[in-house]
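Below is one structure, written out as structure tokens; comments come after it.
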Amino acid sequence: MRIDIITLFPSMFRGPFDESIIKRARKKGILEINFHNLRDFTGDRHRTVDDLPYGGGAGMVMKPEPLFRAVEKVKEEKRFSWKVILLSPQGQPFAQEKAKELAQEEGLIFICGHYEGVDERVREHLIDEELSLGDFVLTGGELAAMVIVDAIARMLPEVLGCKDSVREDSFYQTLLDYPHYTRPPEFRGWKVPGVLISGNHQKIREWRKKKKLENTFKKRPDLLKTAKLSREEEEMLEQIKRARTEH
Ligand SMILES: C[S@@+](CC[C@H](N)C(=O)[O-])C[C@H]1O[C@@H](n2cnc3c(N)ncnc32)[C@H](O)[C@@H]1O
């Protein structure tokens, strides 16, 4: 997969994409990430990327020409089909389903906004979709791009060593993850649940299934409205609810 990021601050990306899992994925060639400095696509001596808003008001607006030029330049690479994404607080809130969906694409172009945002013609004629990190306003799109690219990269086959770990993750199948424990079996008097050291794999699977439901019921009951549960899971959930009310 190829990801191209159009930004005023390419150096902000040094670090997050040069460490750990993303670094390995890039090294193995599973993921290619390129950064484009928006100022390289300006046409004037001052490398101007912003201008005053028509109609007056506070702040500056990102000019359309450099953004169109930058995206069109990336799209000259015809080996990939491209999807253009604008990071914006007005976009669809990013979530795991979107990460899965975007991991199927060949090429993604992310536009990181700044100031008051981008000229509306960028929204209308250049991008395919707008994604938001949540209902809050950041100073620029870079941090949002880092988070979203990281979540997409984990969904690429071969990026993580163990495919099962992705499937069990929170949100992958709507529910939250189950609790994890490692050695020692007892720490400051707190013991690891006996079932996990019993060696009984069937019992461990059941315990984890139940804990996923319990976790979701306790922390994010809203997720249960859309979760597709098996008969066994529905029964477990009923038990969890009953135990709660009896308490
Ligand atoms: C200060 S914000 C502009 C906010 C804009 N005036 C608005 O209210 O919609 C500057 C840039 O930061 C990025 N940004 C801010 N909040 C974001 C969010 N929640 N998710 C994704 N990107 C965000 C966008 O690229 C945006 O163009």
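The values are calculated or read from the model by the stated rules, or taken from the named source; none is laboratory data. All figures in this text were calculated on a predicted structure; none of them were measured in a lab. With ideal geometry, Cβ positions are generated from the backbone for all residues, glycine too; neighbour counts draw on all protein chains shown. Ligands, DNA and RNA are stripped out before the accessible areas are found, and what is left, the full protein with its side chains, is counted by its heavy atoms. Shrake-Rupley method; radii C 1.70, N 1.55, O 1.52, S 1.80 Å.
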Per residue, in Å², the accessible surface of segment 2-154 once ligands and nucleic acids are set aside, probe 1.4 Å: 53
May I ask you to give the percent of accessible area on the chain that is carbon plus sulfur, with a probe radius of 1.4 Å? 49
For residue 3, list long-range residues whose amide hydrogen, built 1.01 Å from N in the peptide plane, is under 5 Å from its own amide hydrogen. 32, 33, 34, 108
Full-stretch length increase - residue 129, residue 202 - with 0.36 nm per residue and alpha-carbon distance subtracted: 21.9 nm
Evaluate the distance, in nm, between pseudo-label points positioned 7 Å from the Cα of residue 158 and of residue 235 along their respective Cα→Cβ axes. 4.2
Note down the relative contact order for the chain as a percent, whole number, built from C-alpha pairs under 8 angstrom at least six residues apart. 18
Using modelled amide H (1.01 Å from N, peptide plane; none on Pro or chain starts), what sits under 5 Å from the amide H of residue 130, excluding residues fewer than 5 places away? 86, 92
For segment 2-154, fraction of C-alpha pairs farther apart than 25 Å, in %: 26
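Accessible area per residue for segment 166-246 in Å², computed with a 1.4 Å probe and the full protein assembly in place, what is it?
Using a 1.4 Å probe on heavy atoms only, each residue of segment 166-246 averages 76 Å².
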Can you tell me which of 97-104, 216-223, 138-145 comes out highest on packing, and rank the rest after it, using the mean Cβ neighbours within 10 Å? 138-145, 97-104, 216-223
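So, with +1 on the Cβ of K and R and -1 on the Cβ of D and E, and no other charges, what is the size of the charge dipole of the chain about its Cα centre, to the nearest 20 debye?
Rounded to the nearest 20 debye, it is 1300 debye.
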Full extension from residue 195 to residue 58: what is 0.36 nm times the residue separation minus their Cα-Cα distance, to one decimal in nm? 43.2 nm
Can you give the % of DSSP beta bridges in segment 1-150 that are antiparallel, to the nearest 5? 10
Below 27 Å, Cα to Cα, which lysines can residue 83 reach? Residues fewer than 8 away in the same chain don't count. 23, 27, 28, 63, 73, 75, 98, 100, 163
Just going by the charge dipole of the chain, with Lys and Arg at +1 and Asp and Glu at -1 on Cβ, which of 137, 3, 247 is farthest out on the positive end? 247
Computed helical MRE - 222 nm, the chain, DSSP H runs ≥ 4 contributing -39500 (n - 2.57), nearest 500: -11000 deg cm²/dmol
Go through 235-243, 194-202 and give me the packing order, highest mean Cβ count within 10 Å leading. 235-243, 194-202
Can you work out the Karplus-derived ³J(HN,Hα) for every residue in segment 150-160? Use 6.51 cos²θ - 1.76 cosθ + 1.60 with θ = phi - 60°, whole Hz, and x for glycine or proline. 4, 5, 5, 4, 4, 7, 6, x, 6, 6, 9
